[in-house]
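Quick notes on the structure that follows.
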Amino acid sequence: FWDSHAGAGPRSTPILNQGKVFAMGGTGILTVVDARDGTYLWSRDAASETGIESRDWGFASSPLVVNNLVLVAVSGKLLAYNIHTGEKAWEAPDGGESWSSPHLLNIDGVDQVVFMSSEGASAYQVEDGRVLWEYAWPGAQIVQPALCANGDLMLSAGNARGIGRFTVTRESGEWR
């Protein structure tokens, strides 16, 4: 991947997990190789599968491995694949543009993947991609969400809109 203002890609960081390297390229292709010898294991053209075309700087989301799934973002859409077979496990709704990466956080005792898109923040159940909660805060999402020591969540809306600190709680099974 190459563009005139930022040069050669990719725009993301590969991840090493369970003896495999997972790498998402700037064109939206997820490739998995054996970490010891570089043997090709499998790949998925996540961009083609979703019908999402590369925007501006290409795709810049780093993969996230949780249990036996690898999650990647194609702009504002999350996809999860089985790390051994490459079979798609789930696909989340499209949230518009994003150059952020999925982020595993434990909020109120529940592991969840938090992701920023141009619509705001969304949290997904790892196993099946079910939306746990959403917070509408439109903007150009690049910065990762961060968990504060007290459990609050720091989010950035980009485009000089600032940073916000939010408390996410669960009451009677409902996220607020």
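Things to note:
- Filter result (assigned to a loop (DSSP other than H, G, I, E, B) and among the charged types (D, E, K, R)) within segment 57-95: GLU87, ASP94
- Extreme residue, least open to solvent (accessible area, probe 1.4 Å), among residues of segment 1-60 that are at pLDDT below 75 and of a type in the set (Asp, Glu): ASP3
- Scanning segment 96-119 for residues that are assigned to a strand (DSSP E or B) and open to solvent by less than 40 Å² (accessible area, probe 1.4 Å) yields LEU105, ILE107, VAL110, GLN112, VAL113, VAL114, PHE115, MET116, SER117.
- Search result, residues across segment 129-176 that are within 21 Å of the chain's Cα centre (by Cα), small (Gly, Ala, Ser) and either in a strand (DSSP E or B) or within 29 Å of ASN68 (Cα to Cα) (or both): GLY129, ALA136, ALA146, GLY151, SER156, GLY164
- Any hit, segment 120-140, residues being charged (D, E, K, R) and either within 24 Å of THR13 (Cα to Cα) or surrounded by 15 or more Cβ atoms within 10 Å (Cβ to Cβ) (or both): yes
- Residues that are over 16 Å from SER98 (Cβ atoms) and of a type in the set (Lys, Arg) within segment 19-59 comprise LYS20, ARG36, ARG44, listed in sequence order.
The values are calculated or read from the model by the stated rules, or taken from the named source; none is laboratory data. Please read all numbers here as calculations on a predicted model, not as lab measurements. Positions of Cβ are generated from backbone atoms using ideal geometry, with glycine treated the same way; all protein chains shown enter the neighbour counts. For accessibility, only protein heavy atoms count, side chains too; no ligands or nucleic acids. Shrake-Rupley method; radii C 1.70, N 1.55, O 1.52, S 1.80 Å.
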